[in-house]
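Quick one: the structure is below, questions incoming.
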Amino acid sequence: MADTNYDVLVIGSGPGGYVAAIRAAQLGLKTACAEGRETLGGTCLNVGCIPSKAMLHASELYEEAHSGALKKFGINIEGATLDLDQMHAEKAKAVTELTGGIAFLFKKNKVDWLKGYATFESANSVKVGGQTITAKNIIIATGSSVTPLPGVAVDNDAKIIVDSTGALALPKVPDHLVVIGGGVIGLELGSVWKRLGARVTVVEFLDQILPGMDEEVRTESAKLFKKQGFDFRLGTKVTGATVANGKATLTVESSKGGAAETIEADAVLVAIGRRPNTEGLALDKAGLAVNAKGQVDTDHDFRTSVPGIWAIGDVITGPMLAHKAEDEGLACAENIAGQTGIVNHAVIPSVVYTMPEIAGVGLTEEAAKALGEIKVGKFPFAANSRAKTNRDTDGFVKIIADAKSDRVLGVWIISSLAGTLIAEACIAMEFGATSEDIAYTCHAHPTHAEAIKEAAMAVRGKAIHI
Ligand code: FAD
Ligand code: NAI
C-alpha cells in the first residue's frame, strides 16, 4: 500500500498550490498535491489567465487582419475570415501543453498528484479519492470561483448567460454581448468578442470602470474603450434576467434606484467578482472558520490559526492574481521548511490585458495623497519615439513619488506593452528606488520603456521630449 504520510499536503494545484508543492519538494519535503479537476494548474491555466490570453492574442490578430488596420503600413489583406473553431482549438492546445507541463514538473520534483476533492477529517488528515492522507503540514490553496448574481442564473451549457468559463468557449460570435461588471474579466473578454465582431455593452454598478485602479487611469481607459466602440452603462444595476428563444432579456435600473428598463442580448457575461473556495473542505473538522468575506485568515507567514495548517492565493486576503498566489506559494513552502519566506504585498503588479494594456503597481495617486505630500510625473506615449514609429501612441506612464524622499510609491501605465513594462517599476520599488534613480538609469532607444524614464524625469518637471 502506498505511503499516505506526507511532510506537506497541498490542497489545490493552481498557481499557488502547484508552486508551493514544487518548492516544498525542492526543499526535501515529502509532498503531495490534491486536485479535484482532471488537470493540474487551477483556474489560471484551465479557465483563467491562459485561455483568456490565448483568445485575446488570437482576436487581436484577427482584428488586425480583418479591419484593414494594417493598410496604413502598406499591408493589404483581402478576405480575412474567422474560423472560430480553429481559434478555440489553438487555445485548447496552449492549455493542454501548459497543464501537462505541471504534471511533468510534479514528476520531475517527485510531487505526488492525488486525484480528487479533499475534505478535512482532522487538523492533520484529509480524505482524497476515498483515501485518508495525513500530513505534518497542510496548505489550503483552493482558489476562488465566480460570484453569482441573484436573479441572473448562469448556464454555461446553454451558452446564453455565461460566466468567464462559458465566455471563453462561446461557439459563435454573439451579435450583442452584454457584460455585467466593468472589471478585469468584463473588459478582457468583452474585448475578445468585440474584436471578433460582437456589439458589446458593459453594465457597471459603479460610476467608473476598473475599481481599485488610479482614477486618471480609470478615466483614460474608459475613454479609449469608448473609442473602440464599447457601450458603457455606468451607475446601473441588473435586477433580473430571462431567457427565451435563444436570447436573454435583462432588467436594469439606476444603481440608486429608479425606473426599470430592459436590454436584449444574444449572450450575457456575468463578471462581478470572485469568491474564495472553502465549501466542501469541512474546515470545521480541522478547527478552522472563515472570516466575513469567506476567506481563510492567515498571518504574514501564511499560517492559519491552527498549527500545521497554512493558506495561500485567492482563498486568503489580497488581490486575486496568479503571480500573488505563486509568490505566496513559494514563501509558504520556504516557511514550512524553516526558511524565511516573505511576500511584499505592497509591490504586486496588476495588469489588464486589453489593447492598450493597463498596468499598475503600488499606490494610486489618491491613496498616496491621503498619506502625505507627493510629486507626480507623467509622460504620454504620443511623445515616445518608438510608440510614434509603431503608430501606437495611446496611453501614458505616471509615476507617483514621495515629495520629500523622492521614493517611488506607485507607477501606472497605459500602453500596448504596459504588462511587460510594469516589471521595471516593480524592481525599482522592491529596491526602494527614487524617481531620480529611474531617471538616471540608461534606457535603450527607441523603446516604449523610455517613457518610464521620461515620466521619472517629469517628477521633477524635467522631461526632455515634452
Ligand atoms: P486556483 O487557480 O483557483 O486553483 C485552485 C484549485 O484548487 C482549482 O484547480 C480547484 O479545482 C482546486 N480545488 C478547490 N477545492 C479543492 C478541494 N477541496 N480539493 C482538491 N482541489 C480543490 N490572474 C492573473 O494574475 N493574470 C491573469 O491574466 C488572470 N486572468 C484570469 C482570467 C480569468 C477568466 C479568470 C477567471 C481569472 C484570471 N486570473 C488572472 C486570476 C487567477 O486565475 C487566480 O488569481 C489564480 O488562479 C489563483 O490561484 P490559486 O492557486 O489561489 O487558485
Ligand atoms: P472585478 O472585481 O475585477 O470586477 C467586477 C466589477 O463588477 C466591478 O467593477 C464591480 O463594481 C462590478 N459589479 C459588482 N456587482 C455588480 C452588479 N450587481 N452589477 C453590475 N456591476 C457589478 O471582478 P472580475 O472582473 O469578475 O474578475 C475577478 C477577479 O479575477 C479579479 O478580481 C482579478 O483579480 C482576477 N482576474 C485577473 C485578470 C488579470 O490579472 N488580467 C484577468 C481576469 C480576472
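From the phi angles alone, apply the Karplus equation (6.51, -1.76, 1.60; θ = phi - 60°) to the range 363-380 and give each ³J(HN,Hα) in whole Hz, x where the residue is Gly or Pro.
Once rounded to whole Hz, the list reads 7, 6, 4, 5, 5, 5, 4, 5, 9, x, 6, 10, 10, 10, x, 10, 9, x.
Separate question: Would you please give the FRET efficiency between residue 431 and residue 215, computed as 1/(1 + (r/R0)^6) with r the Cβ-Cβ distance and R0 = 22 Å, to the nearest 0.05?
0.20
Now a separate question. Fully extended, how many nm does the chain gain between residue 282 and residue 226 (0.36 nm per residue separation, minus their Cα-Cα distance)?
Computed gain between residue 282 and residue 226 is 15.5 nm.
Further, regarding this structure: At 222 nm, what value in deg cm²/dmol follows for the chain if DSSP H runs of at least 4 each add -39500 (n - 2.57) and the sum is divided by all its residues, to the nearest 500?
-9500 deg cm²/dmol
So for the chain, considering every pair of alpha-carbon atoms, how many percent are separated by more than 35 Å?
When every Cα pair of the chain is considered, 39 percent fall beyond 35 Å.
Please say if the range 102-254 is rounded, prolate or oblate, where rounded means a/c under 1.5 for a ≥ b ≥ c the square roots of the C-alpha gyration tensor eigenvalues, and otherwise the choice is prolate for a/b larger than b/c and oblate otherwise?
Here the range 102-254 falls in the prolate category.
Here's a follow-up. Specify whether the C-alpha gyration tensor of the range 350-459 places it in the rounded, prolate or oblate class, a ≥ b ≥ c being the square roots of the eigenvalues: rounded for a/c under 1.5, otherwise prolate if a/b is larger than b/c and oblate if not.
Prolate.
Holding the Cα-Cα limit at 26 Å, pick out from 194/293; 223/256; 226/388; 293/378 the pairs that are longer than that.
Violating the 26 Å limit, Cα to Cα: 194/293; 293/378.
Sort 401-408, 163-170 by the packing proxy (mean of other Cβ within 10 Å over each peptide's residues), most packed first.
163-170, 401-408
So, with +1 on the Cβ of K and R and -1 on the Cβ of D and E, and no other charges, what is the size of the charge dipole of the chain about its Cα centre, to the nearest 20 debye?
Its charge dipole is roughly 340 debye.
Something else now. Can you work out the Karplus-derived ³J(HN,Hα) for every residue in the range 185-194? Use 6.51 cos²θ - 1.76 cosθ + 1.60 with θ = phi - 60°, whole Hz, and x for glycine or proline.
Coupling constants for the range 185-194: 5, x, 6, 5, 6, x, 5, 4, 6, 4 Hz.
For a quick size check, give me the Cα extents of the range 199-314 along its three principal axes, largest first, whole Å.
52, 39, 26
Right, here's the next one. Evaluate the relative contact order of the chain (contact order divided by residue number), counting alpha-carbon pairs under 8 angstrom at least 6 apart; express in whole percent.
14 percent
With labels modelled as points extended 7 Å from the Cα through the Cβ direction, what inter-label distance (nm, one decimal) is found for residue 205 paired with residue 340?
Taking the two extended label points, one gets 4.2 nm.
Have a look at 431, 158, 34 and report the one farthest towards the positive end of the charge dipole of the chain, computed about the Cα centre with Cβ charges (Lys/Arg +1, Asp/Glu -1).
My answer, from the dipole projection, is 431.
Starting from one equal scatterer on each C-alpha and no solvent at all, send me the Debye-based log10 I(q)/I(0) for the range 396-466 at q = 0.15 Å⁻¹, two decimals.
Debye intensities relative to I(0), on a log10 scale: -0.41.
FYI, it's all coordinate maths here, none of it is from the lab. The shown structure was predicted, so the numbers you read here are calculated from the model rather than taken from an experiment. Please note: Cβ atoms are built from the backbone with ideal geometry, for glycine as well, and neighbour counts cover all protein chains shown.
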